[in-house]
1. Need the failing condition index for N76 against (1) within 22 Å of F29 (Cα to Cα); (2) open to solvent by 50 Å² or more (accessible area, probe 1.4 Å), just the number.
2. Condition first: assigned to a strand (DSSP E or B), among the small types (G, A, S) and either open to solvent by 60 Å² or more (accessible area, probe 1.4 Å) or on the phi < 0 side of the Ramachandran plot (or both). Now tell me which residues in the stretch 26-46 satisfy that.
3. Keeping to the stretch 1-15, report how many residues are touching a strand residue (DSSP E or B) at 6+ places or on another chain (Cβ under 8 Å), modelled with pLDDT of 95 or more, part of a loop (DSSP other than H, G, I, E, B) and farther than 14 Å from L80 by Cα.
4. Of the numbered conditions (1) touching a residue at least 12 places away in the same chain (Cβ under 8 Å); (2) out of contact with any helix residue (DSSP H, G or I) (no Cβ under 9 Å at 6 or more places or on another chain), P41 fails exactly one; give the number of that condition.
Amino acid sequence: QVQLMESGGGLVQAGGSLRLSCAASGSIFSINTMGWYRQTPGKQRELVATATSGGRINYADSVKGRFTISRDNAKNTVYLQMNSLKPEDTAVYYCNVDLGSEVWWGQGTQVTVSS
């Protein structure tokens, strides 16, 4: 079993910043990719950013230049620094951890950006 503890969501005005954290614990030998996805009602979950164990980082075009993903491998934790937030960034953000043989999702944290 793997547990993912997300934190950092909330309500912020447009132009503001938030930092999401996701700490993985449990039966973990190694983590390949850690990342963040988001979902709004009626839409499919979409990739926001991912970071591989080898340091490869990928961002959705909509967040490039505004969001920064980082990992602390010693703590099995992934962060998402979100700056210059826009109302269209409003969504439930989900942490994702790929162990190679298994993929785990966090419970989601709400991010709301007011205009």
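1. (2)
2. G35
3. Number satisfying all stated conditions: 1.
4. P41 satisfies all of (1) touching a residue at least 12 places away in the same chain (Cβ under 8 Å); (2) out of contact with any helix residue (DSSP H, G or I) (no Cβ under 9 Å at 6 or more places or on another chain) except (1).
The values are calculated or read from the model by the stated rules, or taken from the named source; none is laboratory data. Owing to the predicted nature of the structure, the values given are computational and were not obtained by experimental measurement. As a convention, Cβ positions derive from the backbone with ideal geometry for all residues, glycine included, and neighbour counts pool all protein chains shown. Just the protein is used for accessible areas: all its heavy atoms, side chains included, with ligands, DNA and RNA removed. Shrake-Rupley method; radii C 1.70, N 1.55, O 1.52, S 1.80 Å.
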